[in-house]
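Report on the structure given below.
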Amino acid sequence: MKDGVYRDMWVFAESRGGELIPVAKEMVSEARRLMDKHNKDYKADEKVVAVVLGPKAKELGEECIRLGADIAYIADHPELEVFRLMPATKVVAAAAQQKDVNGYDKPRYFLFPATNNGRDLSATVAGVLDTGLASDCNLLYIEDVEIKHKIKSGGEPKVFERILHMKRPDFSGFEWSTILCIDNVDHDYHPQCCSVIPGSFKAADPDNGRTGDIREMPVSLDANDLRVRVTKRQAMEKGVDLTKYGSIVAVGRGIGEDPTKGLLVGVDLAKALRGDLGLSRGVVTASYQVDPSVEQYVDEERQIGETGQFIEPEVYVALGISGAIQHKKGMDKSKFIVSVNTAEETPIKEFSDVYVVADLFEFGPKLKAALEKLAGKNGGGS
């Protein structure tokens with residue numbers, strides 16, 4: 001490269017209220033694992049670089065280093081106290097472009113969290129850097145790849161090295177797509193970017209003896225970057241927390257025949273188990289027309305899975321859920337799993353303790369009645 005080489009894996013470590021959010025810790029940890037293998041495979045010495053904006057940036061940068069980062073670029077500026085897309089884009093993209101600032105050229109890879117802020121920022125930064133972006137990924141690995149393409153390889157087979165393979169669930173989790181970011185001229189021409197679904201990776205235990213570099217990013221913002229002003233902030237009330245229940249009943253697309261009735265079956269059974277109701281992604285995205293009496297239950301906050309809540313109840317009852325990969329990720333640590341489905345073979349059967357082939361509209365009320373009868377014999381206990 002005329003202006004320097006491309007190297008290292010950068011991670012946007014999002015924070016809120018002066019604390020790293022969980023997915024930021026997960027990404028830094030996974031970046032460390034990826035780059036350790038990368039450096040071994042390619043006999044390299046490339047770094048993990050955390051990018052931290054906002055209050056307590058220095059302290060959070062130090063935390064990123066304890067989690068596996070080698071360098072933390074920080075910007076603790078009054079205009080970055082509250083996340084705003086344009087200022088954040090300006091600062092992050094500028095740091096990635098200016099090799100004289102970062103000291104060792106430009107990022108080879110760039111990870112962002114698949115949060116509301118992270119999704120927005122990943123798109124705008126990728127746009128400024130003129131590169132591709134794979135959204136909502138949950139599995140990453142680095143390998144060489146050989147392709148034959150009229151444009152990208154001149155029509156002849158060509159090996160592209162150090163390609164980040166970015167996998168994501170599609171079609172409601174029933175298919176995996178692998179996305180590659182390969183430039184037309186040189187695979188290192190611009191960073192390979194992706195956003196990472198929260199909960200996809202395990203955060204490492206902090207190593208308090210680990211050291212690294214803290215470097216301040218220059219902040220140069222003009223009036224155009226600051227057109228949006230935050231004049232007032234109000235914390236939202238905490239929504240539905242399914243993690244506090246010992247029993248969860250979740251409903252899936254199997255309620256499609258009669259969504260209102262299906263939700264009521266789930267709610268009634270959850271009450272009998274002294275638990276609460278969860279949803280599969282299929283229900284959340286289906287836009288079912290339901291009776292106003294159950295509208296409160298068709299809420300994205302009740303979604304279980306990679307893009308929802310991760311739960312570990314003692315008892316998990318799945319009604320009409322097929323068990324797509326992204327749903328499994330959110331509930332497969334449940335102690336005892338009961339699944340009810342009209343199909344004899346579904347993915348969820350493989351990890352269920354009890355699999356019942358039945359109509360949820362019939363089986364749900366019968367199970368509820370049996371539980372209530374048992375509770376009566378036990379003096380009201382469940």
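Quick notes on this one:
- Placing unit charges on each Cβ (+1 for Lys and Arg, -1 for Asp and Glu) gives the chain a dipole about its Cα centre, and among Leu129, Val92, Ile348 the Cα reaching farthest toward its positive end belongs to Ile348.
- Computed lengthening from Ile179 to Gln97, 0.36 nm per intervening residue step minus Cα-Cα distance: 27.2 nm
- The amide H of His165, built 1.01 Å from its N in the peptide plane, has Tyr141, Ile142, Glu143 as neighbours under 5 Å, considering only residues 5 or more places off or on other chains.
- Correct option for mean projected area of the Cα convex hull in nm² [calculated from the coordinates] among [x] 19.9; [y] 21.2; [z] 23.5: [z]
- Shape of segment 114-252, Cα gyration tensor, a/c cut at 1.5: oblate
- With Cα atoms, 0 to 90° folded angle of helix 57-67 axis to the chain main axis: 70
- Per-residue Cβ neighbour rank within 10 angstrom, fewest leading, Ile248, Ile151, Ile182, Ile71: Ile151, Ile182, Ile71, Ile248
- In degrees, nearest ten, helix 85-97 long axis to first principal axis of the chain (Cα): 50
- Global geometry of segment 242-377, whether rounded, prolate or oblate, following the gyration tensor of its Cα atoms and the 1.5 cut on a/c: rounded
- Taken about its Cα centre, segment 242-377 carries a charge dipole of roughly 420 debye when the Cβ of each Lys and Arg holds +1 and the Cβ of each Asp and Glu holds -1.
- Once the Cα atoms are used to define both axes, helix 22-41 deviates from the longest principal axis of the chain by about 60 degrees.
- Positive-end ranking of Phe310, Tyr288, Val267 along the dipole of segment 265-312, with charges on Cβ about the Cα centre, is headed by Val267.
- Along segment 344-361 the Karplus relation, 6.51 cos²θ - 1.76 cosθ + 1.60 evaluated at θ = phi - 60°, assigns HN-Hα couplings of 6, 10, 9, x, 5, 4, 5, 10, 9, 7, 10, 10, 10, 8, 6, 7, 4, 5 Hz to successive residues, with x for each Gly and Pro.
- For the chain, built as a Gaussian network whose Cα springs stay under 10 Å, the top-fluctuating residue of Val125, Val51, Val228: Val228
- Dipole magnitude (debye, nearest 20) for the chain, charges at Cβ of Lys, Arg, Asp, Glu: 360
- Unit charges at the beta carbon, dipole of segment 6-216: most positive-side option, Met35, Gly155, Trp10: Gly155
- Point-charge dipole on Cβ atoms (K/R +1, D/E -1) for segment 6-216, about Cα centre, debye to 20: 220
- Fewest-first ordering of Glu216, Glu30 by other beta carbons within 10 Å of each residue's beta carbon gives Glu216, Glu30.
- Rounded to the nearest 5, the antiparallel percentage of DSSP beta bridges internal to the chain is 25%.
- Distance from segment 103-158 to segment 264-307 (C-alpha centre basis), Å: 36
- Taking a Cβ cut-off of under 14 Å around Glu344, the surrounding Lys, Arg, Asp and Glu residues balance to a net charge of -2, with basic ones at +1 and acidic ones at -1.
- Amide H to amide H distances under 5 Å link Lys47 with Asp8, Met9, where only residues 5 or more positions off or on other chains count and H is placed in the peptide plane.
- Taken one residue at a time, the phi angles of segment 229-234 give Karplus couplings (6.51, -1.76, 1.60, θ = phi - 60°) of 10, 9, 9, 7, 10, 9 Hz. Gly and Pro are set to x.
- Exceeding the 26 Å Cα-Cα cut-off - candidates Lys25/Lys167; Lys167/Lys261; Lys158/Lys328; Lys43/Lys106: Lys167/Lys261; Lys158/Lys328
- Cut-off under 5 Å, modelled amide H: who pairs with Gln192 long-range: Tyr109, Phe110
- Segment 242-377: relative contact order in percent, alpha carbon pairs under 8 Å with at least 6 residues between: 25
- For the chain, a Gaussian network of Cα nodes joined below 10 Å ranks Ala114, Ala343, Ala31 by mean-square fluctuation, and the top entry is Ala343.
- Within segment 304-344, backbone nitrogen closer than 11 Å to the virtual label 7 Å beyond the Cα of Phe351 toward Cβ: 305-306, 311, 323-334
- Net charge of Cβ neighbours under 11 Å - reference His38; Lys, Arg +1; Asp, Glu -1: +2
- Computed from phi, the 3J(HN,Hα) profile of segment 323-330 under the Karplus parametrisation 6.51, -1.76, 1.60 (θ = phi - 60°) reads x, 4, 3, 5, 6, 4, 4, x Hz, with x in place of Gly and Pro.
Computed from the coordinates by the stated procedures, all read-outs in this text should not be read as laboratory data. Just so it is clear, the structure is predicted and the values come from calculations on it, not from any experiment. Note that we place each Cβ from the backbone using ideal geometry, even for glycine, and neighbour counts take in every protein chain shown.
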